[in-house]
Amino acid sequence: GTSPVVVNNLNVPRPAEGQPTLLTLDEVTTLFHEFGHALHGLFATVTYPHFAGTNVFRDFVEFPSQVNEMWILWPEVLASYARHIDTDEPLPAEVTEKLHASSAFNQGFATSEYLAAAWIDQAWHSLGAEEAAAVTDVAGFEASALADIGLDNPLVPTRYSST
Ligand SMILES: [Zn+2]
């Protein structure tokens, strides 16, 4: 019978004196994401706290927030919040189309850098402990692993490297 209390905080630049606070698309995305976490907590009715809100397993905790993000450009949702500050006009359709089109921008790079880093992790984990300890040329090991799958492109470095 205890109702949850959820607080969302969003850091946005303070507007000029007397001006309204306006959000960028990135800030709106963060707001929707974090509010998805809030809804997860607010709607949780469970016997065991482990299954509520942000206490769930890490591979599920981002699901409600990702679903909530999906609605940012949903026409009915967009029409309710994306309105011109002076005229109250909804976002023009051509702008909405450009926002949809831009969602795929740079995804080839982002996916490749992520996959390369994940592949390096897999390469390390495919070694036995003694094999891994015997690797002295870490950069060479990484380069070889990436070359094996064709992700050895110097223009797309891995998101992170071996420690
Ligand atoms: Zn999250």
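The values are calculated or read from the model by the stated rules, or taken from the named source; none is laboratory data. As the structure is a computational prediction, the values presented were derived from the model and not from experiment. Virtual Cβ from ideal backbone geometry, glycine too; neighbours counted across all protein chains shown. Only protein heavy atoms, including side chains, enter the accessible area calculation; ligands, DNA and RNA are left aside. Shrake-Rupley method; radii C 1.70, N 1.55, O 1.52, S 1.80 Å.
Within segment 83-97, can one find any residue that is of a type in the set (A, V, I, L, M, F, W, C), open to solvent by 70 Å² or more (accessible area, probe 1.4 Å) and either assigned by TED's automatic domain parsing to the domain that holds residue 31 or farther than 29 Å from residue 20 by Cα (or both)?
From segment 83-97, those of a type in the set (A, V, I, L, M, F, W, C) are 85, 91, 93, 95; that's our starting set.
Subset that is open to solvent by 70 Å² or more (accessible area, probe 1.4 Å): 85.
If we keep only those that are either assigned by TED's automatic domain parsing to the domain that holds residue 31 or farther than 29 Å from residue 20 by Cα (or both) too, we end up with 85.
Yes: one or more hits.
Report, by residue number, each residue of segment 23-35 that is away from the ligand (no atom under 12 Å from the Cβ) and open to solvent by less than 60 Å² (accessible area, probe 1.4 Å).
Result: 27, 28.
Considering only residues that are within 10 Å of the ligand (Cβ to nearest atom), open to solvent by 70 Å² or more (accessible area, probe 1.4 Å) and closer than 14 Å to residue 5 by Cβ, which ones fall in segment 36-72?
54
Take the residues of segment 10-26 that are touching a residue at least 12 places away in the same chain (Cβ under 8 Å) and assigned to a loop (DSSP other than H, G, I, E, B): which is nearest to residue 70 (Cα to Cα)? Spell out how you get there, then give the answer.
Filtering segment 10-26 for residues touching a residue at least 12 places away in the same chain (Cβ under 8 Å) gives 10, 12, 20, 22, 25.
Right, trim to assigned to a loop (DSSP other than H, G, I, E, B) and you get 10, 12, 20, 22.
Working: 10: 19, 12: 21, 20: 26, 22: 21 Å.
Out of the qualifying residues, it is 10.
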